[in-house]
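Everything below concerns the one structure shown next.
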Amino acid sequence: MESKHQFQNNFEKEYSENSFWNKVKNSAQSAGKELIGKALTLFYYAKDPEVPVKDKAIVFGALGYFILPFDAIPDALPGLGFTDDLGVIVAAYKAIAKNITEEHKQKAKEQMEKWFD
């Protein structure tokens with residue numbers, strides 16, 4: 001079992017804007033539209049300078065879990081691999097949904113159209 005300190009060190013080592021984009025691009029098809037769409041919306045929301053720090057912490061915690069190469073259910077398992085990631089992303093999305101604007105959703109939609117059309 002990984003300690004909280006080890007997890008934090010791994011998170012800080014793994015999470016960056018670049019690592020987010022790499023994970024999203026490399027797993028878009030296998031992760032599915034719902035997960036990628038919500039992850040992108042959260043990302044654009046957190047990039048907004050008007051977003052409260054508390055909300056950014058929720059979002060980056062969820063996106064960090066998505067990015068980490070190890071998690072509760074390995075991403076490589078067909079049909080199951082991204083279910084834990086989806087759960088974390090959806091929970092974060094619901095926690096801050098009332099603050100997400102149409103602009104955040106539109107940016108995510110435009111990116112999704114590039115990858116899934």
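Laid out as a table, the results:
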{"read-out": "Selection within segment 18-64 - among the small types (Gly, Ala, Ser) and in a helix (DSSP H, G or I)", "value": "Ser19, Ser27, Ala28, Ser30, Ala31, Gly37, Ala39, Ala46, Ala57, Gly61, Ala62, Gly64"}
{"read-out": "Members of segment 38-50 found to be surrounded by 19 or more Cβ atoms within 10 Å (Cβ to Cβ) and either at pLDDT below 90 or not aliphatic (A, V, I, L, M) (or both), listed by number", "value": "Lys38, Thr41, Phe43, Tyr44, Tyr45"}
{"read-out": "Near pairs, Cβ below 6 angstrom, 6+ apart or cross-chain, from segment 50-65 (over 20 Å from Asp85 (Cα atoms)) to any residue that is surrounded by fewer than 16 Cβ atoms within 10 Å (Cβ to Cβ) and not hydrophobic (A, V, I, L, M, F, W, C)", "value": "none"}
{"read-out": "Tally, over segment 87-117, of residues that are assigned to a helix (DSSP H, G or I) and β-branched (Val, Ile, Thr)", "value": "4"}
{"read-out": "Some residue of segment 65-85 being under 15 Å from the mean Cα position of the chain (by Cα), at pLDDT 90 or above, among the β-branched types (Val, Ile, Thr) and part of a helix (DSSP H, G or I)", "value": "no"}
{"read-out": "Which listed residue is exposed (fewer than 14 other Cβ atoms within 10 Å of the Cβ), out of contact with any Lys or Arg (no Cβ under 9 Å at 6 or more places or on another chain), modelled with pLDDT of 80 or more and not charged (D, E, K, R), from Val53, Val59", "value": "Val53"}
{"read-out": "Residue check for Ala91: more than 16 Å from Tyr44 (Cβ to Cβ) and either surrounded by fewer than 19 Cβ atoms within 10 Å (Cβ to Cβ) or at pLDDT 90 or above (or both)", "value": "yes"}
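The values are calculated or read from the model by the stated rules, or taken from the named source; none is laboratory data. All values reported here derive from a predicted model rather than from experimental measurement. Glycine also receives a Cβ, built like all others from the backbone with ideal geometry; neighbour counts cover every protein chain displayed.
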